[in-house]
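Here the structure is laid out as structure tokens; the discussion comes afterwards.
Where a number appears in this text, it was derived from the coordinates with a stated rule and is not lab data. Everything quoted here is computed from the prediction, not taken from an experiment. Please note: Cβ atoms are built from the backbone with ideal geometry, for glycine as well, and neighbour counts cover all protein chains shown.
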Amino acid sequence: MDLIINFNKPRGITSFQCVSKVKRLLGAGKAGHTGTLDPMATGVLLICLGEATKVSRFFLDMDKKYRARVKLGEKTDTCDAEGRVIEQRDASSVTPERIERALRMFKGEIVQTPPMYSAVKVQGTALYKLARKGLEIDRPERIVMIYHLKMILSELPYFDMEVSCSKGTYIRTLCDDIGNALGTGAHLAALERSAVGSFTIADSVGLDELATQDFRDKRKGFSSIDEALPILREVVLVEEDYERAKNGVPIKSFTINNLPVGSFVRLKTPSRKMFGIGRVESGCIRIERILNL
């Protein structure tokens, strides 16, 4: 079973628990997820089974879309509703127009500082482990891209917003920064990841659906490795090059003038069956992963 499952994560369990449940339910040997969602978050969680675990890095790099509910007037130590309130301010004067002006400040390339309650490691230690001890340390800033940011519902002191962003973006931090810009403080009250790359929540599947054999037979929400990676160009090899490539030997005879150096490609047999991932280098394609499909 070598698949990518577009799983609709429920609220209240960890991403790791989701993987364990799906793995058990489908009898998979190997499984892993691509991009952690916090326990309070819901939505698209890509789960790789079998040989698909070898290509999980490519899903981590995909852009994400979210629907977030923000509460104004309260800052928490985790920047979300599961944390301890550390500051309260009056947000009664905030208007939807002020929120929209504040959101415009966070479009495009922005700098974020990862929250202390995160899995980011500093000198080999995950930040959340230090945070649980009451420690706070300097964290390296990161540059992320906010492609789209729009308020879609105002129920002050709450408002909902849509976010399209690059990998590595912390929506909790974005909410906290917006609250600081408004002068009221804020935290993330609820979060749904609505898309990862081309995988959308409309095409996702939940545990109840996966538990039904009839549903599993329909394969909704299931993608082969080949289907799941259209962002990688495909390279169909002639027999001679295929024999070399499947043994890990770089392909030097293939014409790669139209492939950018450093890009990854889906390697296919002469009969167009995917068997690996290659990386384009100057004058050759180096074999990155061989898939036993």
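How large is the convex hull of the Cα atoms of segment 232-290 per residue, expressed in Å³ as a whole number? Please list the in-between numbers first.
On the way: hull volume 3.9 nm³, N = 59.
Value for segment 232-290: 66 Å³ per residue.
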Which of [x] 6, 24, 27, 23, 14, 5, 1, 0; [y] 7, 31, 39, 21, 2, 0; [z] 6, 29, 35, 21, 8, 1, 0 is the computed P(r) over Cα pairs in 10 Å bins from 0, in percent? It is [x]
Computed, not fitted: 222 nm per-residue ellipticity of the chain from DSSP H runs ≥ 4 (each -39500 (n - 2.57)), nearest 500, equal to -5500 deg cm²/dmol
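Pop the C-beta distance of ILE143 and LEU60 into the FRET formula with R0 = 22 Å and round what comes out to the nearest 0.05. Before the final figure, lay out the partial values.
Values: r = 17 Å, r/R0 = 0.77.
Here the calculated transfer efficiency is 0.85.
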With +1 on the Cβ of every Lys and Arg and -1 on the Cβ of every Asp and Glu, the dipole magnitude of segment 232-290 about its Cα centre, in debye rounded to the nearest 20, is 200
Stretched fully, the stretch from SER198 through GLU240 gains (0.36 nm per residue minus C-alpha distance, one decimal, in nm) 11.7 nm
Scalar couplings 3J(HN,Hα) for segment 34-50 by Karplus 6.51 cos²θ - 1.76 cosθ + 1.60 (θ = phi - 60°), nearest whole Hz, x for Gly and Pro, are 10, x, 5, 10, 4, x, 6, 8, 10, x, 5, 10, 7, 10, 9, 10, x
Between the residues GLY168, TYR147, CYS79, the Cα farthest towards the positive end of the dipole of the chain, that dipole coming from +1 and -1 charges on the beta-carbon of Lys, Arg, Asp and Glu, is from GLY168
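So if I place +1 on the C-beta of Lys and Arg and -1 on the C-beta of Asp and Glu, and nothing else carries charge, what would the dipole magnitude of segment 1-77 be about its Cα centre? I want it in debye, nearest 20. Spell out each step's value before the answer.
On the way: 14 positive and 7 negative charges, 46 e Å.
With Lys and Arg at +1 and Asp and Glu at -1, about 220 debye.
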The simple spin-label model distance between VAL122 and LYS107, using points 7 Å out along Cα→Cβ, in nm, is 3.3
